[in-house]
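Only one structure is covered here, and it is reproduced in the block below.
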Amino acid sequence: MRHHLIAALAGAALIGGLSACSTGGSSKSQKVPAYASYDTADLVLIRGFRAAGDPCKVTGETAYTNQFLSDAATLVSCPASYSGLPAFVQETGARRVGQRGDFLLYSVPRR
């Protein structure tokens, strides 16, 4: 009898533990990057260009981006819908070099 009680308690604990892992949950507890809803195609977005939360991202090398990489500039990708693009271009001297998915690619000269 004792063996059955232990098995029943273990089963209940297992079921209770699995229900805590369910995918339904509060969306407030899940952090989603600001660019998650964008089509990033095959871009490698490394980090924010000007700061951690910057929508414009330093972009790494892929078969597509290697044509834009240079020792004299940083390749940066910004969402095409980003309202701050005009200021970004003016402040950084960025030159648009391409587009991939929902991102515009810019070559930003290193100063």
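Touching a Phe, Trp or Tyr at 6+ places or on another chain (Cβ under 8 Å) and among the aliphatic types (A, V, I, L, M) - does that describe any residue in region 49-56? Before the answer, list the steps.
Here is the first cut: in region 49-56, the residues touching a Phe, Trp or Tyr at 6+ places or on another chain (Cβ under 8 Å) are 55-56.
Filter once more, so that each one left must be among the aliphatic types (A, V, I, L, M): none.
Checked region 49-56: no residue is touching a Phe, Trp or Tyr at 6+ places or on another chain (Cβ under 8 Å) and among the aliphatic types (A, V, I, L, M).
Output yes when any residue across region 27-38 is at pLDDT 85 or above and either at positive phi or surrounded by 12 or more Cβ atoms within 10 Å (Cβ to Cβ) (or both), and no when none is.
Here is the first cut: in region 27-38, the ones at pLDDT 85 or above are none.
No, because not a single residue in region 27-38 is at pLDDT 85 or above and either at positive phi or surrounded by 12 or more Cβ atoms within 10 Å (Cβ to Cβ) (or both).
Hey, among PRO79, PRO86, PRO109, which residue is farther than 15 Å from VAL44 by Cβ and crowded, with 16+ Cβ neighbours inside 10 Å?
Details: PRO86 fails: crowded, with 16+ Cβ neighbours inside 10 Å; PRO109 fails: crowded, with 16+ Cβ neighbours inside 10 Å.
One residue alone meets the criteria, PRO79.
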Sort out which residues of region 85-111 are among the aliphatic types (A, V, I, L, M) and in a strand (DSSP E or B), and write them in order of number.
VAL97, LEU104, LEU105, VAL108
Considering region 42-76, residues that are open to solvent by 20 Å² or more (accessible area, probe 1.4 Å), in contact with a strand residue (DSSP E or B) (Cβ under 9 Å, 6 or more places away or on another chain) and among the small types (Gly, Ala, Ser), and then whichever is modelled with the lowest pLDDT, we arrive at SER70
Sole exception among (1) open to solvent by 50 Å² or more (accessible area, probe 1.4 Å); (2) at pLDDT 50 or above for LEU9, by number:
(2)
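The values are calculated or read from the model by the stated rules, or taken from the named source; none is laboratory data. Since the structure is predicted, the reported quantities are computational estimates derived from the model, not experimental observations. Note that we place each Cβ from the backbone using ideal geometry, even for glycine, and neighbour counts take in every protein chain shown. We work out accessible area using only protein heavy atoms, side chains counted, and drop any ligands, DNA or RNA first. Shrake-Rupley method; radii C 1.70, N 1.55, O 1.52, S 1.80 Å.
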